[in-house]
Amino acid sequence: MNPTNKKKSRPILWAAIAVVAVLWAGGLYVIYQVLPEKVAEGIVAQAQVRKPTTETPKDYGITGYQDVSFLTSDGVTLSGWWLPQKAPKKPLGTILLSHGVFRNRQQVLGRAVFLWNLGYQCLLFDLRGNGESGPSPVSGGVLEANDYLAAEKFLESRHEAGKPLVFFGFSLAAMSALRAAVGDSALDAVIADSPLANLKSYVSRRTIGGAFTSLPGFLGACLKDYDQLTGLTLTEKDLDLTPVVEKLDQAPVLYITGEEDDLAKSDEVRQLFDHTPAHHRRLAYIPDAGHEETFKKYPVIYEKVVTEFLTDLRNGFPKPQDETAKGEDKKPAIKN
């Protein structure tokens with residue numbers, strides 16, 4: 001190369017390097033500063049929108065329900081519906097039931113009606129920060145676990161927490177119920193429908209953070225901004241559900257997952273199941289069902305799975321070899 005041309009090309013090279021460096025630095029700034037803030041702001045904004053309740057148990061023929069409210073240990077007022085069985089009928093048990101993020105108790109009303117018709121008394125309640133319950137930031141089940149414990153204490157104070165006592169939750173409430181079950185000696189079982197395994201599950205699939213969640217430090221940056229906006233002090237470790245379910249060695253657990261769930265994916269629910277040490281544990285797959293379709297799409301399969309679990313809970317679970325023969329931890333045979 002001509003020495004003169006070589007000298008001329010150097011400034012161009014350095015200029016190109018400078019441009020690349022600026023673009024790289026700008027990209028990092030957007031990824032680690034701008035995007036995490038937007039993710040956090042988006043979650044906070046969604047939480048501010050309260051979905052109205054447009055149906056009640058009365059719309060399903062349950063006229064004897066009661067509007068109730070009770071206080072959590074950290075001072076949040078929760079609202080709910082109490083569905084008792086009519087005297088002299090003795091309830092088969094008591095089920096505490098709640099909903100997914102940014103929803104309200106109406107989301108699980110259909111499940112409660114099915115359970116009530118089956119003979120159970122049910123307490124449906126709005127999680128904190130949702131429906132008609134008091135304000136509180138979303139915490140991935142960390143704070144919301146207190147809501148299940150408060151509902152339990154509320155029924156105990158009324159002497160209406162008949163056995164067996166079951167925590168039943170969908171999505172966020174499933175995560176909350178699993179957390180609340182740890183160390184609760186009065187609890188008899190948990191039904192966890194579509195729980196999310198960790199923070200990444202939500203941020204990567206329901207926010208603009210998307211593909212960046214696999215980058216080192218990105219989720220931490222999102223959580224840091226979220227904590228600043230809400231006053232919480234959550235860490236990624238706090239929101240990991242696996243160490244929680246590893247402590248569930250007493251109460252039986254039924255996991256339910258939709259095969260087409262794009263949020264709480266079946267393989268991740270399966271991992272939670274695998275890490276649950278409880279001897280009596282089950283995992284039911286609902287065919288072709290998305291995240292909010294496990295009950296709606298195939299109610300017959302759903303009700304059969306739940307009914308069998310609750311019946312075995314009341315009667316005493318079969319021995320391990322009988323459970324295997326019975327088809328535990330297998331996909332439903334019915335599939336269209």
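Every number here is computed from the coordinates shown, using simple stated rules; none is lab data. None of the values given here were measured: they were computed from a predicted structure. In this analysis, Cβ positions are derived from the backbone assuming ideal geometry, glycine residues included, and neighbour counts consider all displayed protein chains.
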*List, in order, the whole-Hz ³J(HN,Hα) value for each residue of the stretch 54-63 obtained from phi through the Karplus relation with A = 6.51, B = -1.76, C = 1.60 and θ = phi - 60°; use x for Gly and Pro.*
10, 10, 9, x, 4, 5, 10, x, 9, 8
_For a quick check: sort Arg128, Arg314 by the number of other beta carbons within 10 angstrom, fewest at the front._
Arg314, Arg128
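Using only alpha carbon pairs under 8 Å that are at least six residues apart, calculate the relative contact order of the stretch 147-267 and give it in whole percent. Mind showing how you got there, number by number?
Working: 156 pairs, mean separation 33.7, N = 121.
Contact order relative to length: 28 percent.
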_Quick check: the distance between the Cα centres of the stretch 211-246 and the stretch 35-93, to the nearest angstrom?_
26 Å
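Using Cα-Cα distances under 8 Å and only pairs 6 or more residues apart, what relative contact order does the stretch 120-183 have, in percent?
Details: 53 pairs, mean separation 21.7, N = 64.
In percent, rounded to a whole number, it is 34.
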*Charge-dipole axis of the stretch 171-257 as Lys and Arg at +1 and Asp and Glu at -1 on Cβ define it, positive-most pick from Phe212, Ala197, Val244*: Phe212
*Can you put Asp312, Asp288 in order of Cβ neighbours within 10 angstrom, beginning with the fewest?*
Asp288, Asp312
*Given the pairs Lys89/Lys297; Lys163/Lys200; Lys38/Lys237, which are separated by over 25 angstrom at their Cα positions?*
Lys89/Lys297; Lys163/Lys200
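Could you put Ile43, Ile256 in order, starting from the residue whose Cβ has the fewest other Cβ atoms within 10 Å? Could the numbers behind the result be given before it?
Details: Ile43 22, Ile256 27.
Fewest-to-most ranking of Ile43, Ile256: Ile43, Ile256.
With the contact rule set at Cα under 8 Å and sequence spacing of 6 or more, what percent relative contact order holds for the chain? Intermediate results must be reported in sequence, preceding the final value.
Details: 595 pairs, mean separation 47.0, N = 336.
It comes to 14 percent, rounded to a whole number.
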*Glu259 paired with Ser157, simple spin-label distance in nm, labels 7 Å along Cα-to-beta-carbon*: 4.6 nm
*What's the FRET efficiency of Asn315 with Gln46 using the Cβ-Cβ distance as r and R₀ = 56 Å, to the nearest 0.05?*
0.85
*asked:* Tell me which DSSP H helices of the chain clear both cut-offs, 30 Å or more of axial length from alpha-carbon atoms and a mean Kyte-Doolittle hydropathy of at least 0.0.
replied: 3-29
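Out of all DSSP beta bridges in the chain, what portion is antiparallel? Express it as a percent rounded to 5. Can you show the working numbers first?
Numbers: 10 of 34 bridges.
Bridges in the chain that DSSP calls antiparallel: roughly 30 percent.
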